[in-house]
1. Length gain on complete extension for the stretch T204 to S34, per 0.36 nm per residue less the alpha carbon to alpha carbon distance?
2. What FRET efficiency comes out for F154 versus K47 if R0 is 45 angstrom and r is the Cβ-Cβ distance? Round to the nearest 0.05.
3. Give me the extension gain from F266 to T61: residue separation times 0.36 nm, minus the current Cα-Cα distance, reported in nm with one decimal.
4. Loop only by DSSP, 10 or fewer other Cβ within 10 Å of the Cβ. Give me the GluC sites (Glu not before Pro) in the stretch 42-88 that pass, ordered by residue number.
5. Please identify the trypsin sites (Lys or Arg not before Pro) of the stretch 48-107 that satisfy two criteria: DSSP loop assignment and at most 13 other Cβ atoms within 10 Å. Which are they?
6. Counting other C-beta atoms within 10 Å, which of H109, H264, H186 has the fewest, and how do the rest follow?
7. Full-extension gain between D77 and T164, please, as 0.36 nm times their residue separation minus the C-alpha to C-alpha distance.
8. Counting other Cβ atoms within 10 Å, keep those with at most 12, restrict to DSSP loop, and tell me which chymotrypsin sites (Phe, Trp or Tyr not before Pro) in the stretch 35-92 are left.
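Values in this text are rule-based calculations from the coordinates and carry no lab data. Quick caveat, the model's predicted, so the values are computed rather than measured. No Cβ is skipped: glycine too gets one built from the backbone with ideal geometry, and neighbour counts run over all protein chains shown.
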Amino acid sequence: MRHSKTTALISAASLAVMSILPAAQANAAAPDLSEFTAVPVFEFFNKNDVNGMIGIKLPETVSAHVEITFDSPEGLDFPYYVTDIKDGSALLFLVEGYSNTEDDYRNYHLSIDLTGGTYGSTVNYSEDFTVPDGNDVPDSFYAVGYQFELDDTFSKDTVELTGTETSTMDYNGQEVSGEVRTYALHLNSFLKGDINGDSVIDGTDATLALKEYAALGQGVSTLTAAQTAAADVNGSGNVDGSDATMILRYYALSGGGKTPDWNHIFD
């Protein structure tokens with residue numbers, strides 16, 4: 001997009017993802033987005049070519065390291081944005097649009113490392129996307145908000161899409177739309193007995209419990225906080241040989257697709 005409407009379009013399209021910003025800012029009549037806009041590391045970034053915006057909002061106790069790179073005819077993995085977002089904060093990323101033809105394209109790669117929650121766990125969310133150039137297609141603005149919410153639900157997928165909301169508005173006769181995607185972060189959850197996090201409770205987990213017990217005897221730990229919570233199956237506050245034995249019992253009783261009751265394991 002190479003015309004003077006760029007700044008106005010950014011403000012208009014941002015209304016579609018305003019819910020990711022703090023309430024006071026979202027309710028402002030003429031939003032000043034500078035405080036919430038990341039600074040690109042790509043030295044040839046041209047704000048007049050911006051045709052897209054990505055917004056990321058984090059829950060309290062969760063921080064993130066964000067990297068956006070792109071592939072183009074000139075090469076692969078050019079750094080575009082590299083920044084950190086503190087817990088409970090939101091940040092917007094302006095993105096240049098391209099015609100995305102064989103000899104003139106940009107394929108963007110978004111990578112978000114999310115860290116926090118009760119156990120300080122880390123999980124990665126990544127996605128590829130393109131942003132059309134408004135001069136080559138009917139003029140548009142790509143606006144997507146990623147809203148992450150922390151919960152205690154156990155899921156094999158630590159980051160889970162739970163909802164998508166699209167809003168559209170008319171700006172000077174031009175339709176401007178945006179999408180807010182809500183993701184559940186299951187960072188506070190763990191599967192009891194599943195120490196290595198593969199969603200299976202087996203002899204490998206029992207071995208890890210025994211290794212931790214031996215390491216603790218030497219005054220060190222081999223497990224993360226979340227792994228320790230999963231390993232302490234009897235809730236004693238310590239990981240020891242009893243936990244390993246109970247994990248093995250659970251494994252022995254889980255043959256044939258059965259799901260044993262931990263209460264029976266403890267009896």
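1. Values: separation 170, 0.36 × 170 = 61.20 nm, distance 5.04 nm.
Using 0.36 nm per residue and subtracting the Cα-Cα distance, I get 56.2 nm.
2. Taking R0 as 45 Å, the efficiency between F154 and K47 is 0.55.
3. On the way: separation 205, 0.36 × 205 = 73.80 nm, distance 3.39 nm.
Extra length from F266 to T61 when fully extended: 70.4 nm.
4. Numbers: sites: E43, E60, E67, E74; in loops: E43, E60, E74.
Those satisfying the criteria are E43, E60, E74.
5. Details: sites: K57, K86, R106; in loops: K86, R106.
Sparse-neighbourhood loop trypsin sites (Lys or Arg not before Pro): K86.
6. Values: H109 17, H264 10, H186 21.
So the ranking, lowest neighbour count to highest, is H264, H109, H186.
7. Numbers: separation 87, 0.36 × 87 = 31.32 nm, distance 2.86 nm.
Contour length minus Cα-Cα distance gives 28.5 nm.
8. On the way: sites: F36, F42, F44, F45, F70, Y80, Y81; in loops: F42, F44, F45.
Here the chymotrypsin sites (Phe, Trp or Tyr not before Pro) that fit, given the DSSP loop and packing criteria, are F44.
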